[in-house]
1. Quick check on segment 85-93. Is at least one of its residues buried (at least 19 other Cβ atoms within 10 Å of the Cβ), within 9 Å of ligand 1 (Cβ to nearest atom) and either more than 19 Å from VAL28 (Cβ to Cβ) or over 17 Å from the mean Cα position of the chain (by Cα) (or both)?
2. Find the residue count for segment 224-259, including only residues that are more than 11 Å from ligand 2 (Cβ to nearest atom), assigned to a helix (DSSP H, G or I) and not aliphatic (A, V, I, L, M).
3. Restricted to segment 243-276, and to residues that are within 16 Å of PHE148 (Cα to Cα) and among the polar types (S, T, N, Q), which residue is surrounded by the most Cβ atoms within 10 Å (Cβ to Cβ)?
4. Residue pairs, Cβ under 7 Å, 6 or more apart or interchain, first in segment 84-111 and free of Cβ contacts under 8 Å to residues at least 60 places away in the same chain and within 15 Å of ARG153 (Cα to Cα), second within 16 Å of ligand 2 (Cβ to nearest atom) and polar (S, T, N, Q). List them.
5. Quick check on segment 52-84: of everything there that is in contact with a Pro (Cβ under 6 Å, 6 or more places away or on another chain) and of a type in the set (Gly, Ala, Ser), which residue is farthest from ligand 1 (Cβ to nearest atom)?
6. Being closer than 15 Å to GLU281 by Cβ and among the small types (Gly, Ala, Ser) is the requirement here; does ALA149 meet it?
7. Just a yes or no: is a residue in segment 198-215 buried (at least 21 other Cβ atoms within 10 Å of the Cβ), among the aliphatic types (A, V, I, L, M) and in contact (Cβ under 8 Å) with a residue 40 or more places away in the chain?
8. (1) under 23 Å from PHE41 (Cβ atoms); (2) part of a loop (DSSP other than H, G, I, E, B); (3) within 13 Å of ligand 2 (Cβ to nearest atom): which one isn't true of THR188, the others all being true?
Amino acid sequence: MTEMRPVTEAAPQTAPVKTLALPDAQTVTFVKHWTDRLFSFRVSRPASMRFRSGEFVMIGLMGDPDPKTGKQKPLLRAYSIASPSWDEELEFYSIKVQDGPLTSKLQHIQPGDEIILRPKPVGTLVHDALLPGKRIWFFATGTGFAPFASLLREPQTYEDYDEVIITHTCRQVGELTYGAELIESLKTDEMLNELIGEGFWKKIKYYPTTTREESPKMGRITDLMRSGEAFADLGVPQINPDNDRAMVCGNLAFNLEIKEMLEGYGLVEGANSNPQHYVVEKAFLD
Ligand SMILES: Cc1cc2nc3c(=O)[nH]c(=O)nc-3n(C[C@H](O)[C@H](O)[C@H](O)COP(=O)(O)OP(=O)(O)OC[C@H]3O[C@@H](n4cnc5c(N)ncnc54)[C@H](O)[C@@H]3O)c2cc1C
Ligand SMILES: NC(=O)c1ccc[n+]([C@@H]2O[C@H](COP(=O)([O-])OP(=O)(O)OC[C@H]3O[C@@H](n4cnc5c(N)ncnc54)[C@H](OP(=O)(O)O)[C@@H]3O)[C@@H](O)[C@H]2O)c1
């Protein structure tokens, strides 16, 4: 699998070769800014690192020197790997929090720079945590799209399910672009079409919605499901435990709300050690 190109279509930027000085250092190969709050980037992948599509790792930069000792400590945060398990590089999709300890700095990385990446992937948004089903739902808000950027490029997703529904709710239209372009790019991805089967992407039903800026579909996905509008738009029956499986990644309130709804439809939460009907992960801590 060496012919992969970045999902982003900007002109490739070649990273200058540097001696790695940081512990667990990886080299940035590509950066694209999507809005003033969102960017994605790719880094080299540790040769021995294996992961399952949908998992997350700890990444970061060295913190500022301690004013007393002058010593620097790594400043690490959890990040979903947005690239699939077979990709030779690792991709991430990131928020820019202006006063955030990590992302106030991380947003300035450029090809050739180094980041720290602890090669210990973990997480619940993995196929292993779900029982077989017919239809998989990926529910994302904001940067919660990241693990699904991985799973949408994972062949097993299409081997395991007849239909793949991805919902993405953001405040503004521009916050949907990374996901929309990624999904569009699957249509012309020669390698994936050859590997998974020509036209595999036709299994995908993409349902983007916005809440604070006008777009073709307005509203929170939770409200749109409660009213039945989302099911009607998608042309699928209401979620049921016989056919439907779900993965959820968003802010805490969203996760709790959709969890309650899924339980109401009769789905049971699964885990790596106990595969069931749905799994949840936080897109950020609060
Ligand atoms: C399991 C897990 C996976 C994660 N995966 C990703 C990912 O793929 N991409 C990503 O950008 N972040 C992700 N995060 C959040 C990430 O760990 C950091 O919080 C984020 O990078 C900001 O770091 P910071 O040090 O700049 O600010 P922090 O001090 O960590 O956060 C400051 C504040 O910014 C807000 N915030 C933090 N992260 C986000 C976010 N992603 N979207 C909206 N608001 C946010 C919160 O209100 C938070 O209190 C994940 C978190 C968890 C727990
Ligand atoms: N996105 C921006 O333009 C922006 C700009 C400056 C600062 N911020 C700050 O950044 C932080 C994160 O913002 P974010 O926009 O990335 O993420 P967010 O607040 O988690 O919102 C992302 C999307 O999820 C929806 N949502 C929130 N709670 C939900 C629930 N319980 N059920 C269903 N949908 C739900 C939101 O709808 P609603 O709009 O209805 O809440 C929004 O469309 C916030 O603290 C925010 O104040 C955001």
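All of the numbers you see were taken from the coordinates with simple rules; none came from a lab. Keep in mind the model is a prediction, meaning the values are calculated, not measured. Counting neighbours? That spans all protein chains shown, and the Cβs are built from the backbone with ideal geometry, glycine included.
1. So far as segment 85-93 goes, no, none of its residues is buried (at least 19 other Cβ atoms within 10 Å of the Cβ), within 9 Å of ligand 1 (Cβ to nearest atom) and either more than 19 Å from VAL28 (Cβ to Cβ) or over 17 Å from the mean Cα position of the chain (by Cα) (or both).
2. 3
3. ASN255
4. PHE92/SER40
5. Here the answer is SER53.
6. Yes: the conditions hold for ALA149.
7. no
8. (3)
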